[in-house]
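See structure below.
The values are calculated or read from the model by the stated rules, or taken from the named source; none is laboratory data. These figures come from a predicted structure and were not determined experimentally. Here the Cβ positions follow ideal geometry from the backbone for every residue, glycine too, while neighbour counts run over all protein chains shown.
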Amino acid sequence: MADLSAAERRAAAIAWAVSGAFGPVIPLVIMVVYRRSAFVARHAGQAVLAYGFMMASAVVALVLMVGVAVLQFAQHGAPDPYAPAPPLVQGSAVAVGIGIGLLYTVQLAASLWMARRALGGEDVRYPLVHRAVRRRALVAEPE
């Protein structure tokens, strides 16, 4: 691997660190600013896609929860607005809430771990998204 400057290592680490907590905007900016650095662009691209994967998973979980509620209400009619929600709806809401919380926690921990490795100059690959970064030709593969 070519010599990496401290600024490149910091930019890659920042892209990972902020993506887990604040979303994809800053990693996208870093990817544009450091587009000539394959190392930074690869890390920033993976950080953006990892956050997108987490958000897509959360949306799918929420859609499933709403689907359970709609099916429950279609089967039993509109509930009394002052009565508690049916147990299946309550259970799905709790399960989705816990699942999204765990997903966010895992994503944040993984992003911080990747940031630490990027700061050390390692060319790390995030599971599930590194192939998409390579396949979409967002960045060049390391030599």
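Structure notes:
- Screening Leu103 on (1) buried (at least 16 other Cβ atoms within 10 Å of the Cβ); (2) at pLDDT 80 or above; (3) not in a helix (DSSP H, G or I) shows it passes everything except condition (3).
- Hey, Ser57 more than 30 Å from Trp16 (Cβ to Cβ) and surrounded by 11 or more Cβ atoms within 10 Å (Cβ to Cβ) or not: no
- For the stretch 61-79, a tally of residues being touching a helix residue (DSSP H, G or I) at 6+ places or on another chain (Cβ under 9 Å) and not in a helix (DSSP H, G or I) returns 1.
- Scanning the stretch 7-18 finds no residues that are among the aromatic types (Phe, Trp, Tyr), crowded, with 20+ Cβ neighbours inside 10 Å and over 15 Å from Leu119 (Cα atoms).
- Annotation note: Cβ proximity below 7 Å between a residue of the stretch 88-101 that is closer than 16 Å to Val70 by Cα and a residue that is of a type in the set (Val, Ile, Thr) and in a helix (DSSP H, G or I) (sequence gap 6+ or interchain) occurs for Leu88/Val68; Val89/Val68; Ser92/Val68.
- Only one of the numbered conditions (1) crowded, with 16+ Cβ neighbours inside 10 Å; (2) closer than 30 Å to Ile30 by Cα; (3) free of Cβ contacts under 8 Å to residues at least 40 places away in the same chain is not met by Ser111, and that is (3).
- Those residues of the stretch 106-143 which are of a type in the set (A, V, I, L, M) and modelled with pLDDT under 85, in sequence order: Val124, Leu128, Val129, Ala132, Val133, Ala137, Leu138, Val139, Ala140
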